[in-house]
1. Calculate, for GLN220 and LEU125, the FRET efficiency according to 1/(1 + (r/R0)^6) with r their C-beta to C-beta distance and R0 45 Å; round to the nearest 0.05.
2. Restricting to DSSP H runs of at least four residues, report the calculated mean residue ellipticity at 222 nm for the chain, -39500 (n - 2.57) per run over all residues, nearest 500 deg cm²/dmol.
3. Over all directions, how big on average is the projection of the convex hull of the alpha-carbon atoms in the chain, in square nanometres?
4. With an 8 Å cut-off on Cα pairs and a minimum separation of 6 or more residues, tell me the relative contact order of the stretch 1-94 in percent.
5. Checking the cross-link filter: which lysines have an alpha carbon closer than 24 Å to that of LYS219, excluding same-chain neighbours under 8 positions apart?
6. Tell me the net charge near ALA104. Cut-off is 9 Å between Cβ atoms, ALA104 excluded, with +1 for each Lys or Arg and -1 for each Asp or Glu.
7. Work out how far the C-alpha atoms of the stretch 177-304 reach from end to end along every principal axis, then list the three figures in whole Å, largest first.
8. Would you kindly state how much longer the chain becomes between LEU112 and ALA153 on full extension, computed as 0.36 nm times their sequence separation minus their alpha carbon distance, in nm to one decimal?
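What follows draws every value from the coordinates through simple rules; no lab data is involved. Quantities reported herein were computed from a predicted structural model and do not represent experimental measurements. We place every Cβ from the backbone using ideal geometry, glycine too, and count neighbours over all the protein chains shown.
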Amino acid sequence: MLDARQLEALAAVVEHGGFGPAAKALSLTLAAVSLRIKALEDQLGQRLLVRGKTVRITAAGQALLAHVKQVRLMEADVLTGMQGGGGVGGQRASWQTLAVAVNADSLASWFLPGVAPLLQKHRLLLDILIEDQDHTHDALKSGEVMGCVTTLAEPMRGCVAEPLGVMRYCCLAAPAVVDRCRTPGGAISPHRLLAQPAVIFNRKDALQDVFLAQHFALKQPKYPRHFAPAVDAFESALRLGMGWGMVPALHLPNLPGLEEVVPGARVDVVLYWQHWTREAPSAQRLTQAVKAAAQASLAQAGTG
């Protein structure tokens, strides 16, 4: 039988970034927190945390952290149910927090509008980790979040992967930038395109390389790059003529004045919602809202 106090000590160390902050959050001494973690590790016969300048959680620790968060959500749902959803003595049910990992483009387009009504109705709070869609699953694997929008189709251990749809991207730039990429005959020259800077969201973003490979058969070419890791700054950089970049087709109505570098050329990114197999009722509601929002906004696999 796992000791709840020991599990909370493990979660506190991870969530607060160290033994000292965890001890303060739990109103315990540093030694007490350390002893609880050690007792849990001795019981399981596995190291849960790697001590050092920074504390790192192991794979076994990640599994336990996910368990702790699942239990928290289930307990909160039980209490809400006992209160009849409206609280006791005239008090409303308390807010619950759900941690999710979402790519910035989804967050800025379909995700938040799709889940906002649910959050208000059921008094749910989101703790959002913004990450590239190829890397959001790392946060789910570590137990940091209960669900993620990801490109990973293979379900991770203890998780379910449900298809959401296709996020379509096109290559946009200001008219002056597009003109500099044309040959005297008006065609887009890949060499002239590569002479212009690309505007890239962050160093994990590989969409521009996929675009160049699919439409120009260029494999990992070298070209100058701006990095703008915020949606508004990224789009502003394109409008200012700083370079060319990959933009979701969903964002096109918000970007007048920009042109497609290669009209009609698209890069399709298939997205999935990966979440814990065992979900608390509040997490189940979020899963349904995410799937419905994606169904309404994203292209579906196999469509033109």
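1. Details: r = 41 Å, r/R0 = 0.92.
Here the calculated transfer efficiency is 0.60.
2. It lands at -12500 deg cm²/dmol.
3. Numbers: hull surface 78.6 nm².
Quarter of the Cα hull surface area: 19.7 nm².
4. Numbers: 79 pairs, mean separation 20.6, N = 94.
Relative contact order for the stretch 1-94 comes out at 22 percent.
5. Within the straight-line limit of under 24 Å, LYS219 reaches these lysines: LYS204.
6. -3
7. Result for the stretch 177-304: principal-axis Cα extents of 60, 31, 29 Å.
8. 12.5 nm
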